[in-house]
Each structure stands twice: as structure tokens, then as C-alpha cells.
């Protein structure tokens, strides 16, 4: 129990220190959940969409770090991914890859 409490405290400290990755993922999840509630989707679909957008944002941030893109853009990327959604981004990525291949 003590180990679990320590990890939560560390997460909260990291959040207050300004970890941009956390802000980007959080923004993506919140935007996706709000978008799904606005469209009237069920709770299970809403939660899954939020988690998928958060995971996609985390992947995008890792890619940004690899290409030396400034971490200040993390929140904007997270907001964009959350606003657009996983299904729409899948369509865009497939179109891009079909043109390249």
C-alpha cells in the first residue's frame, strides 16, 4: 500500500513540475471525452476513445522527441488528436500511406 501511495505522490509532483507529456495526454483524453459526450456516444465508447486518443498522443510525443520537435507543442498536439479523434486520424493516415506506397 505504501509503494502505491508513493507512486501517486510522484505522479502528482511530476504534474506540478510541468511535465508537458502529461499535459498533452491529459488534454487529448479530456478533449476526446468532451467530444464524445457532445455527440451523444455511450460511456463505454467515450472511455475507449479517450484512452485511445491518450495513447496516440503519447506515441506522437515520443515521435516528436525523436525528431527534436519542441515539447511546447505537446499540449497542442494532444488537443488536436483529442478533437479530431482516432477514427478520423486513421482515415488521414491511411490516405497518406496509400499515396506514399
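The values are calculated or read from the model by the stated rules, or taken from the named source; none is laboratory data. A quick note: this is a predicted structure, and the numbers were derived from the prediction, not measured. FYI the Cβ positions are ideal-geometry reconstructions off the backbone, even for glycines, and counts take in every protein chain you see.
See the values below:
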| read-out | value |
| --- | --- |
| Selection status of residue 78, on the phi > 0 side of the Ramachandran plot, modelled with pLDDT of 90 or more and under 12 Å from the mean Cα position of the chain (by Cα) | no |
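This table checks each residue for (1) over 15 Å from residue 29 (Cα atoms); (2) touching a residue at least 24 places away in the same chain (Cβ under 8 Å).
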position: 45; (1), (2): no, no
position: 52; (1), (2): no, yes
position: 61; (1), (2): no, yes
position: 70; (1), (2): yes, no
position: 77; (1), (2): no, yes
position: 87; (1), (2): no, no
position: 90; (1), (2): yes, no
position: 95; (1), (2): yes, no
position: 100; (1), (2): yes, no
